[in-house]
Amino acid sequence: MYLQRLLLLRSSARLTSRAFSAEGVSSTGTPLDMKQGNPNAIHVSNVRNRLREIVGASTNWRDHKQALEERLSLSSMLARSQGDLPPRSMKDSSHEVHLPLGSQPHIREKYLTHHNTVRFGRILEDLDSLAVLISYSHTHNPALPRSPLSIVTALVDKIDMRQHTIYPDRDIKFTGHVTWVGKTSIEAKMYMSQLHEGAYSPVLEATFVMVARDPENKRAAYVNPLKPEGAEEERLFQQGEVNKTRRVELSTASLLKVAPTAEERKVVHSQFLSTLDPQTVSFRSRVLPPKSVWMEDAKVKGLEICHPQERNIFNRIFGGFLMRKAYELGWANACSYGGCRPNLVAVDDIMFQKPVEIGSLLLLSSQVCYTEGNFIQVRVHTEVLDPLTGQHNTTNVFHFTFVSDNDVPMIVPQSYGESMLYLDGKRHFSQAAGI
């Protein structure tokens, strides 16, 4: 079963990005569903405009303080309990967004690499914006001109790539809706597909967890309950419950909180023994095994100055921008480590711990933390630096699984801390592989 899953991952990853094809556009140059007049379909460029309208956000940075003051007056419109809010159905939050790379060639440049492949970091930005729009649709109150809620991304639970190519000259469709809610949190599931021979084929499935806050983004706020309709919606809702339980279990078993399992301790000790110098009788004399790389030598770092251009509707740095930068740095690290252009297999457990303020110095650190065969597990840690105090605060942690064309060197930790990174990477790889 494990081998079959790995082979599936290899197959899907190799098809993730391809060069230009000559097909994918209807005879009229219009995406299929747009041509049919889907009333919920919107252009990808209009998603963030919709969000600005929903919360009353200013389009000009110079007006952001006034917009914030105006939002403070909305606090009185928040529900005092979830029972005060009407239940919603999954259809209420359903959205369809089109990215017409085939029928509107002028928008391709933003999404292209110099190898004529699709920039997956841009796809992450679009997914993040759509998840926010879906959540606001679930909580929409037609009696209010603006939403009093500040809905932000708390976690990217998982993004699974399917066995289909992302072509840079074929139309893309995103669909999604709410699948589960707590008292103040929302799970949004989204699907990306691409036009191929007149029909849309699946590319990926993504699950985001959003949280609702007050207008100042300081305290939790209640969201509408969700009422599943039919067997399929009930299944999706129950899967949301399972996902919540799994997240709690993973957090409880975190290596930042508890010791490794007995089996994991054996792995760490076996690695340690493999690096001892056979010519000496010393625990301090370490040698690198053949076809291996010290973990210390598998890092890539970056720095971003956070300008207003990358702000979200609440005048903090857009979460999709952070995901794009982290992905591109992680990809560069995997590329350097494997010696070729890697393909993405899965994204999971992206944590948004703190918002990033405009003007921050954002430090990004990418680390290859686990390898197996031709798979590379990369962890990207981001933090903001206060240049006046020298204080560092973690904002995000990202986990990416890549696959290379050929087998890659084995990553080897030296310190106990690096061994914990190795075990954590192994856990995330096992989740991606479905072990």
Longest principal axis of the chain (C-alpha) makes with the long axis of helix 319-338 (C-alpha) an angle, in degrees to the nearest 10, of 30 degrees
How much length is gained if the chain between GLN279 and SER336 is pulled fully straight, taking 0.36 nm per residue apart and subtracting their Cα-Cα distance, in nm to one decimal?
17.3 nm
Rounded to a whole number, what % of the accessible area of the chain do carbon and sulfur atoms account for, probe 1.4 Å?
52 percent
Dipole axis of the range 352-419 (+1 Lys, Arg; -1 Asp, Glu on Cβ), positive-most option in GLN414, GLY390, LEU362:
GLY390
Using only Cα atoms, tell me the angle between helix 231-252 and the longest principal axis of the chain; keep it within 0 to 90° and round to the nearest 10.
40 degrees
Whole-Hz ³J(HN,Hα) for each residue in the range 114-123, computed from phi via Karplus 6.51 cos²θ - 1.76 cosθ + 1.60 with θ = phi - 60°, x for glycine and proline: what do you get?
6, 9, 6, 10, 7, 6, 5, x, 5, 5
Helix-derived mean residue ellipticity, 222 nm - over the chain, DSSP H n ≥ 4, -39500 (n - 2.57), to 500:
-9500 deg cm²/dmol
Whole-angstrom gap from the range 167-226 to the range 355-391, using each part's C-alpha centre:
25 Å
In degrees from 0 to 90, rounded to the nearest 10, what is the angle of the helix 262-274 Cα long axis to the longest principal axis of the chain?
50 degrees
By the Cα gyration tensor axes a ≥ b ≥ c (a/c under 1.5 gives rounded; else a/b larger than b/c gives prolate, otherwise oblate), the shape of the range 42-127 is oblate
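In debye, nearest 20: dipole of the chain around its Cα centre with unit charges on the Cβ of K, R (+) and D, E (-)?
Dipole about the Cα centre, nearest 20: 320 debye.
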Per residue, how much accessible area does the chain show when a 1.4 Å probe rolls over the protein heavy atoms, in square angstrom?
47 Å²
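For GLU229 and THR261, calculate 0.36 nm times their separation in residues minus their Cα-Cα distance, and state this gained length in nm to one decimal.
So the extension gain works out to 7.4 nm.
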Set of lysines near LYS189 by C-alpha distance (under 27 Å), chain-local residues within fewer than 8 positions excluded:
LYS35, LYS91, LYS110, LYS158, LYS173, LYS218, LYS227, LYS244, LYS325, LYS354, LYS426
Cα atoms only: what Rg and Dmax, in Å, come out for the chain?
22.8, 78
Shape verdict for the range 299-406, please, from the Cα gyration tensor: rounded (a/c under 1.5), prolate (a/b greater than b/c) or oblate.
prolate
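The values are calculated or read from the model by the stated rules, or taken from the named source; none is laboratory data. Given the structure is predicted, the values throughout are model-derived calculations rather than measurements. With ideal geometry, Cβ positions are generated from the backbone for all residues, glycine too; neighbour counts draw on all protein chains shown. Side chains included, ligands, DNA and RNA excluded: accessible areas come from the protein's heavy atoms. Shrake-Rupley method; radii C 1.70, N 1.55, O 1.52, S 1.80 Å.
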